[in-house]
Amino acid sequence: MQKPTALVIGAGIGGIATAARLAKNGYDVTVLEKESTPGGRCNQIIREGHRFDIGPTLFLMPEIWEETFAALGERMADHLELQRIDPTYKVHFDDGLQLELTSNIGKMQTQLEKVERTAFTGFLNYMAEGSKHYKMSVEKFVGRNFYNVFEYFSPGNLPLLFKLKALKKHYANTSRFFKDERLKAAFTFQNMYLGLSPYDAPATYSLLQYTELAEGVWYPMGGMYAGIQALVKIAEKLGVKFIYKTAVKKMKEENSTLSLLKRGRIKSAITEDGREFVADIFVGNADLPYIYQELLPKNEESKKLENKLYTCSTIMFYWGVDKEYLQISHHNVFLGGDYKASFDQIFKEHTLPDVPSFYVHAPVRTDKAAAPKGQETLYVLVPVGHLDAHSKQDWEALVKRARETVLRRLAQELGATDLKEHIKFEIVYQPRVWKERFNLAKGAAFGLSHNFWQVGYLRPQNRHKQYKNLFFTGASTHPGTGLPIVLLSARLTTERILKETGTISVQNMVNALAEARAHRLSH
Ligand SMILES: Cc1cc2nc3c(=O)[nH]c(=O)nc-3n(C[C@H](O)[C@H](O)[C@H](O)COP(=O)(O)OP(=O)(O)OC[C@H]3O[C@@H](n4cnc5c(N)ncnc54)[C@H](O)[C@@H]3O)c2cc1C
């Protein structure tokens, strides 16, 4: 019997994991990727012996990664060598306070009580709430599909929205646990991983701080790209064909009477170089708003997407440095200025805050192979507003100001006074690069935002409403952004494809029989 065919557009982590899962379930899968290598935002840059991860640097929620490997018939431990990073990061405040966030409870107590007498009790309660939010979210919201609005707003789910504090703002909720503004900042800035302001993010996201300290922040030796390489290898072993340097330009509808009833299908994808790829089903891994707006015939949905909320963007500096700076930890966060004003400047004015906060990654602390001996590979992430046609955005000037701030604080607070002279080369990314190279709508580095109105069933779903054979996987569809969450997206999209197309592979049947047998034996 001929296998059903699937065409995946994009080899980001979402595209790779979905392709592998589909192949495992009996599909003949081809992936088209515009770049010459896989990985998307989780790609790497190698130059003069320096190895930079482009985007993600925090390997979080290892159990979700583990599940992906297991679903593909592999063990994560056979592919990735994970090192736990603890302290997770060093947080530097511009008044000189430094905090090391760590899973060492005794050390946390000493540090927190120096800042505020009751802060340690607040911290323990905050972690307990984060743990509840994490487990409930993964089980009830993030780790499942919602096939209709009634499933989402069901009598069973509605009380959970309150339990998860989905309607409360994260920053305001933190005030229940800490009084000191710096501590509130230290336990909310992590929202920026989702490209969100803690003043808009639901209080549910205290789950982030819990996962970091309880489940750990990890680093795969070889860099985050090791995760991509492992998944591509497994996908290829399962028969997935990757075709690089092949950008899709348009998706063509099937001409049928069904399209008049607005229930059409996609027939093929046309590439920039004029080739046509026909398949039974299509999976869009490129950013979802971009697919609606640029690859599909225009419809109401693409206009609506324009007005949705988007995450922030970033200015990135990738510095190859010919000297080691041991005072720079693996993960470093520098917070400064008026916390609220800086988020307003990023999310409302779409610019660089007057006093920018930033993050520095120095992988050489853990992985000597990330730079030539005695040298440093530095990655700096400065959050900024996304592209906005209505704001005056002079990116050259903003990049210059961001660079000056970073160098000044590293010199003043860490004594890296000669860093500037030791930078051998610099690569800069800014919102236009995120848009042009990765096709991210508005250059929003983390995709669509995750406020109450853009999560769960309210987020653009992983199946197109009109084209019944078009599915989505990745950061801008359900459940959202971040590598482990995108891995969940790959699982959910695959489950939906198998359910909605009624595909049952031999492997599926074998698994179902094995599960049934295990179940029988356990009773
Ligand atoms: C600066 C930064 C830091 C981050 N830090 C972390 C972190 O520490 N931890 C974490 O877990 N997550 C982090 N993230 C988030 C994480 O990187 C993303 O959520 C995840 O990589 C998104 O994967 P994806 O598969 O959805 O999309 P992408 O990685 O964007 O993949 C989409 C792919 O589609 C391709 N494509 C686009 N258009 C076309 C076309 N027309 N034809 C063919 N191919 C096309 C692109 O080239 C790309 O390869 C970070 C992101 C950024 C930007």
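The values are calculated or read from the model by the stated rules, or taken from the named source; none is laboratory data. Since the structure is predicted, the reported quantities are computational estimates derived from the model, not experimental observations. Please note: Cβ atoms are built from the backbone with ideal geometry, for glycine as well, and neighbour counts cover all protein chains shown.
Residues are listed down the side, and each one gets a yes or a no for (1) β-branched (Val, Ile, Thr); (2) over 30 Å from residue 460 (Cα atoms):
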site: 68; (1), (2): yes, no
site: 85; (1), (2): yes, yes
site: 127; (1), (2): no, yes
site: 132; (1), (2): no, no
site: 142; (1), (2): yes, no
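Could you tell me whether residue 329 is among the polar types (S, T, N, Q), touching a Ser or Thr at 6+ places or on another chain (Cβ under 7 Å) and either closer than 28 Å to residue 218 by Cβ or modelled with pLDDT under 95 (or both)? Don't jump to the end; show me each part of the working.
Values: among the polar types (S, T, N, Q): yes; touching a Ser or Thr at 6+ places or on another chain (Cβ under 7 Å): no; either closer than 28 Å to residue 218 by Cβ or modelled with pLDDT under 95 (or both): yes.
Answer is no for this residue.
Name the single residue that is nearest to the ligand (Cβ to nearest atom) among those in segment 56-108 being among the aromatic types (Phe, Trp, Tyr) and part of a strand (DSSP E or B).
So the first thing to find is which residues in segment 56-108 are among the aromatic types (Phe, Trp, Tyr), and the list is 59, 65, 69, 89, 93.
Adding the requirement that they be part of a strand (DSSP E or B) leaves 59, 89, 93.
Working: 59: 7, 89: 11, 93: 22 Å.
Here the answer is 59.
Let me spell it out: the conditions are (1) touching a residue at least 24 places away in the same chain (Cβ under 8 Å); (2) exposed (fewer than 15 other Cβ atoms within 10 Å of the Cβ); (3) over 24 Å from the mean Cα position of the chain (by Cα), and residue 167 meets all of them except one. Which number is the exception?
(3)
Listed here are the residues, each with its yes/no results for (1) over 20 Å from residue 443 (Cβ atoms); (2) surrounded by fewer than 22 Cβ atoms within 10 Å (Cβ to Cβ); (3) away from the ligand (no atom under 12 Å from the Cβ).
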{"site": "2", "(1), (2), (3)": "yes, yes, yes"}
{"site": "6", "(1), (2), (3)": "yes, no, yes"}
{"site": "23", "(1), (2), (3)": "yes, no, yes"}
{"site": "27", "(1), (2), (3)": "yes, no, yes"}
{"site": "36", "(1), (2), (3)": "yes, yes, no"}
{"site": "40", "(1), (2), (3)": "no, no, no"}
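Would you be able to tell me the number of residues in segment 347-365 that are surrounded by fewer than 21 Cβ atoms within 10 Å (Cβ to Cβ) and more than 17 Å from residue 319 (Cβ to Cβ)?
Residues meeting the conditions: 5.
Looking at segment 42-55, which of the residues that are more than 21 Å from the chain's Cα centre (by Cα) and among the charged types (D, E, K, R) is nearest to the ligand (Cβ to nearest atom)? If you could, list the steps in order and put the result at the bottom.
Quick first cut of segment 42-55, residues more than 21 Å from the chain's Cα centre (by Cα) only: 46-50.
If we keep only those that are among the charged types (D, E, K, R) too, we end up with 47-48.
Values: 47: 18, 48: 22 Å.
Restricting to residues being more than 21 Å from the chain's Cα centre (by Cα) and among the charged types (D, E, K, R), the top hit is 47.
Pairs needed: first member in segment 369-398, small (Gly, Ala, Ser); second member anywhere, part of a strand (DSSP E or B) and surrounded by fewer than 22 Cβ atoms within 10 Å (Cβ to Cβ); C-beta distance under 9 Å; at least 6 residues apart or different chains.
Within 9 Å, the pairs are 369/51; 370/51; 371/51.
Out of (1) in contact (Cβ under 8 Å) with a residue 60 or more places away in the chain; (2) within 16 Å of the ligand (Cβ to nearest atom); (3) touching a strand residue (DSSP E or B) at 6+ places or on another chain (Cβ under 9 Å), what's the single condition that is false for residue 424?
It fails just one condition, (2).
Can you tell me which of (1) free of Cβ contacts under 8 Å to residues at least 40 places away in the same chain; (2) touching a Lys or Arg at 6+ places or on another chain (Cβ under 9 Å); (3) surrounded by 15 or more Cβ atoms within 10 Å (Cβ to Cβ) is the one residue 188 doesn't meet?
(2)
Do we have residue 30 as in contact with an Asp or Glu (Cβ under 7 Å, 6 or more places away or on another chain) and farther than 21 Å from residue 224 by Cα here? Give the steps one after another, and end with the answer.
On the way: in contact with an Asp or Glu (Cβ under 7 Å, 6 or more places away or on another chain): no; farther than 21 Å from residue 224 by Cα: yes.
Here the answer is no, as residue 30 does not meet what is asked.
Could you figure out which of (1) at positive phi; (2) surrounded by fewer than 19 Cβ atoms within 10 Å (Cβ to Cβ) isn't true of residue 61?
Unmet for residue 61, out of (1) at positive phi; (2) surrounded by fewer than 19 Cβ atoms within 10 Å (Cβ to Cβ): (2).
Which of (1) away from the ligand (no atom under 15 Å from the Cβ); (2) within 23 Å of residue 278 (Cα to Cα); (3) at pLDDT 95 or above does residue 502 not meet, given it meets every other one?
(3)
Going by the conditions given, is residue 462 more than 22 Å from residue 316 (Cα to Cα) and within 13 Å of the ligand (Cβ to nearest atom)? Lay out the reasoning, then the answer.
Working: more than 22 Å from residue 316 (Cα to Cα): yes; within 13 Å of the ligand (Cβ to nearest atom): yes.
Judged against the criteria, residue 462 is a match.
Residues in segment 282-330 that are in contact with a helix residue (DSSP H, G or I) (Cβ under 7 Å, 6 or more places away or on another chain) and outside any loop (DSSP other than H, G, I, E, B): how many?
Final tally of qualifying residues: 14.
Here's the yes/no breakdown for (1) within 16 Å of the ligand (Cβ to nearest atom); (2) farther than 30 Å from residue 348 by Cβ; (3) buried (at least 21 other Cβ atoms within 10 Å of the Cβ):
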| residue | (1), (2), (3) |
| --- | --- |
| 367 | yes, yes, no |
| 376 | no, yes, yes |
| 385 | yes, no, yes |
| 390 | no, no, no |
| 399 | yes, no, no |
| 419 | no, yes, no |
| 428 | yes, no, no |
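Regarding residue 129, is this residue more than 16 Å from the ligand (Cβ to nearest atom), crowded, with 17+ Cβ neighbours inside 10 Å and at pLDDT 95 or above?
Values: more than 16 Å from the ligand (Cβ to nearest atom): yes; crowded, with 17+ Cβ neighbours inside 10 Å: yes; at pLDDT 95 or above: yes.
In short, yes.
Which pairs turn up if I take residues in segment 3-26 that are closer than 15 Å to residue 41 by Cα and look for partners that are acidic (Asp, Glu) and within 8 Å of the ligand (Cβ to nearest atom) with beta carbon separation below 7 Å, at least 6 apart in sequence or on another chain?
Qualifying pairs under 7 Å: 10/33; 11/33.
Can you pull out every residue in segment 280-318 that is surrounded by fewer than 20 Cβ atoms within 10 Å (Cβ to Cβ) and either without any contact (Cβ under 8 Å) to a residue 24 or more places away in the chain or small (Gly, Ala, Ser) (or both)?
298, 300, 302, 303, 304, 306, 307
With 77, 71 as the choices, which residue is surrounded by fewer than 18 Cβ atoms within 10 Å (Cβ to Cβ) and either at pLDDT below 95 or in contact with a helix residue (DSSP H, G or I) (Cβ under 9 Å, 6 or more places away or on another chain) (or both)? Lay out the reasoning, then the answer.
Details: 71 fails: surrounded by fewer than 18 Cβ atoms within 10 Å (Cβ to Cβ).
After ruling out the rest, the residue left standing is 77.
Provide a single number: the residues in segment 447-459 that are within 16 Å of residue 205 (Cβ to Cβ) and away from the ligand (no atom under 12 Å from the Cβ).
Counting residues in segment 447-459 that are within 16 Å of residue 205 (Cβ to Cβ) and away from the ligand (no atom under 12 Å from the Cβ) gives 8.
Out of segment 191-241, which residues are free of Cβ contacts under 8 Å to residues at least 40 places away in the same chain and under 16 Å from residue 482 (Cα atoms)?
Correct list: 191 only.
Within segment 456-465, does at least one residue satisfy the condition of being under 23 Å from residue 161 (Cα atoms), aliphatic (A, V, I, L, M) and within 11 Å of the chain's Cα centre (by Cα)? Even if it seems obvious, please write down each step before you answer.
Taking segment 456-465 as the starting set, the residues that turn out to be under 23 Å from residue 161 (Cα atoms) are 456-462.
Narrowing the set further to residues that are aliphatic (A, V, I, L, M) leaves 458.
Filter once more, so that each one left must be within 11 Å of the chain's Cα centre (by Cα): none.
No: segment 456-465 contains no residue that is under 23 Å from residue 161 (Cα atoms), aliphatic (A, V, I, L, M) and within 11 Å of the chain's Cα centre (by Cα).
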